[in-house]
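Undergrad: Have a look at this one.
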Amino acid sequence: MDLTTIIIYIIGGIIVGGALGFIFSKMGLKSKADGIIREAELKGERIKEKKISQAKQKFFELKEKQKGERIDLDRKLNEREERIRNTEKNLNRQNEKTKDLEKQLEKGTEKINQRIQAIEKKSTDVENDRLKAIDLLEKISGMSAEDAKKNMIEQTVQDAKIQAASMVQDIIDEAKLKANTDAKKIVIQTIQRVATEHSVENSVSVFNIKNDDIKGRIIGREGRNIRALEAATGVEFIIDDTPEAIILSCFDPVRREIARLSLHQLVTDGRIHPARIEEVVAKVIKKIDEEIMELGKRTCIDLGIHNLKSELVRMVGRMKYRSSYGQNLLQHSREVANLCATMAAEVGVDPKIAKRAGLLHDIGKVSEEESELPHALLGMKIAERNGEKGEVLNAIGAHHDEIEMTSLISPIVQVCDAISGARPGARREMVEAYIERLRNLEDLALEYPGVTKSYAIQAGRELRVLVESDKVSDSESDQLSLDISNRIMNEMTYPGQVRVTVIREKRAVSIAR
């Protein structure tokens, strides 16, 4: 309630009191009216004081509230002024940076303009030099620039035609090579799918045992014995659920026979451990070598062939463990020798020389030498080293037309070889290629330093490489395995995949005296 309202109330109270006094005076109640007036005046004073007090209090409250609002407004104004000052500072800094950038841009523009001018000048100089050179060439050659351009275009077109023809020929050659490679892959895959029985017959032997308890002794603790057998012989020993039988798998029949005889002696003796295994294998190898030599001598005596060097006699004995066109190589060579003697006698040629050439015509197939020569040329080289006559050498080297025939014995040997091999089962020739591939796989690993032995097992799907522990470390073994696998992928054709396993074994031997 404001001051004006209070004053109006006071004036109203006075008027009311006056009226009442007038009324009471008129009615004869003046004294009582005076009392009422005084009471009304007192009441009015109290109300006045109370309203004045309330008005003051309200005034002070409004003043305090206005003061607080003013303080908040001052604070907000100060904050806004501070933000404005910060914004001005940032703008000033940005303006300074902008000025610096403008100065740098001006400097860069000047440098670019200078470079452009220098380049334009250099271009002009080069163009002038080019025109001078063209004029000079025209004067020297007596030919205009247009004529030279035409000649250059004609020469370029001619060169392009020659290069295109060369590229076409290269593409054709590459397509032929790829076709041959794909054809070989198909043939090898066909061997694996169709010729299973032939490969099993030529690469697997079965060793019979009395009971299956022996299998555990052959395997040994943690497989030590069987690993020692495989490392010493190069043959894979397959011990599965087949009752009373152990399968020996290897493409080399000599190794397979060594493994069979060694296993027979170990089982008979009962002592089977790595040291004993190596001892027995060494003895069996020596025994097989003696048997091969004896077989070669007996074959020569049976055929009436004399004065054959010991190396050739040994190779004749090794023929027993090889096959040719599905027939044992020794039997095939004996058959060819007898056919050659009969045919030579019919045409009036020395039958002894013909028989000698017929027996030796395939000795290149049993050679232990690493050579890329065909078996006919390799056999001729071996026979020449052992002092055979020229007619025999020519018959050995020419029986597959690798060299020219120079004597009448050569076509006789060729014809008799074809007669002996002309029988059903000629697809066994694929098996010969298969065996050659496995041998090449082993020879590839032996080319690396530190490799002592390498064996192709599981029909060529795994190559086990034995290395010397003092020459090849563990990390080098990993790298060796990777290098061999990469080389197999790049240089050989094979179906499926080939696992390369490098075996490094540290062995310490001491002797107590």
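Undergrad: Measuring with a 1.4 Å probe in the full set of protein chains, what accessible area per residue, in whole Å², belongs to segment 81-129?
TA: Heavy-atom accessible area per residue stands at 98 Å².
Undergrad: Straight-line reach from residue 122: which lysines fall under 22 Å, measuring Cα to Cα and dropping same-chain residues less than 8 apart?
TA: 111, 132
Undergrad: Could you name the aspartates and glutamates whose alpha carbon sits less than 13 Å from that of residue 56, not counting residues in the same chain fewer than 8 places away?
TA: Hits, sequence-local ones excluded: 2, 64.
Undergrad: So, with a 1.4 angstrom probe, what is the percent of accessible area on segment 212-365 that is carbon and sulfur? Don't skip to the end; give the middle numbers.
TA: Details: 3420 of 7020 Å².
So the carbon and sulfur contribution to the accessible surface is 49 percent.
Undergrad: Ranked highest first by average number of other Cβ atoms within 10 Å, how do 305-311, 341-347 line up?
TA: 341-347, 305-311
Undergrad: Out of 68, 105, 53, whose Cα points farthest toward the positive end of the dipole of segment 30-123 (charges: +1 Lys, Arg; -1 Asp, Glu; placed on Cβ)?
TA: Among 68, 105, 53, the one farthest towards the positive end of the dipole of segment 30-123 is 53.
Undergrad: Tell me the label-point distance for the pair residue 139, residue 352, using the 7 Å Cα-to-Cβ offset, in nm and rounded to one decimal.
TA: 9.3 nm
Undergrad: Positive end of the charge dipole of segment 455-506 (Lys, Arg +1 and Asp, Glu -1 on Cβ, about the Cα centre): tell me which of 460, 482, 492 has its Cα farthest that way.
TA: Final value for the positive-end residue is 460.
Undergrad: With a point put 7 Å past each Cα toward its Cβ, work out how far residue 126 is from residue 436 in nm, to one decimal.
TA: 6.1 nm
Undergrad: Cα centroids of segment 73-112 and segment 252-285: how far apart, whole angstrom?
TA: 95 Å
Undergrad: Then there is this: Peptides 93-100, 501-508: what's the order by average Cβ count within 10 Å, highest mean first? Before the final figure, lay out each step's value.
TA: Values: 93-100: 10.0, 501-508: 12.5.
Result, highest mean Cβ count within 10 Å first: 501-508, 93-100.
Undergrad: What is the dipole size for segment 298-378, taken about its Cα centre, with +1 at each Lys and Arg Cβ and -1 at each Asp and Glu Cβ, in debye to the nearest 20?
TA: The dipole of segment 298-378 has a size of about 320 debye.
Undergrad: Would you kindly state how much longer the chain becomes between residue 79 and residue 153 on full extension, computed as 0.36 nm times their sequence separation minus their alpha carbon distance, in nm to one decimal?
TA: 18.5 nm
Undergrad: Could you list, in their original order, any pairs among 309/365; 286/355; 471/506 whose Cα atoms are separated by more than 21 Å?
TA: Long pairs (Cα-Cα over 21 Å): 286/355.
Undergrad: So, one more: Could you sort the peptides 329-335, 42-48 by per-residue average Cβ neighbour count (10 Å cutoff), highest mean leading? Numbers along the way, then the final one.
TA: Numbers: 329-335: 20.7, 42-48: 13.0.
For the peptides 329-335, 42-48, the packing ranking is 329-335, 42-48.
Undergrad: Taking a cut-off of 22 Å between Cα atoms, list the lysines near residue 139, but don't count ones fewer than 8 places away on the same chain.
TA: 149, 150
The values are calculated or read from the model by the stated rules, or taken from the named source; none is laboratory data. Only a predicted model underlies this, so the values are computations on that prediction, with no experimental measurement involved. Positions of Cβ are generated from backbone atoms using ideal geometry, with glycine treated the same way; all protein chains shown enter the neighbour counts. Just so you know, the surface numbers come from the protein's heavy atoms only, side chains and all, with ligands and any DNA or RNA stripped out. Shrake-Rupley method; radii C 1.70, N 1.55, O 1.52, S 1.80 Å.
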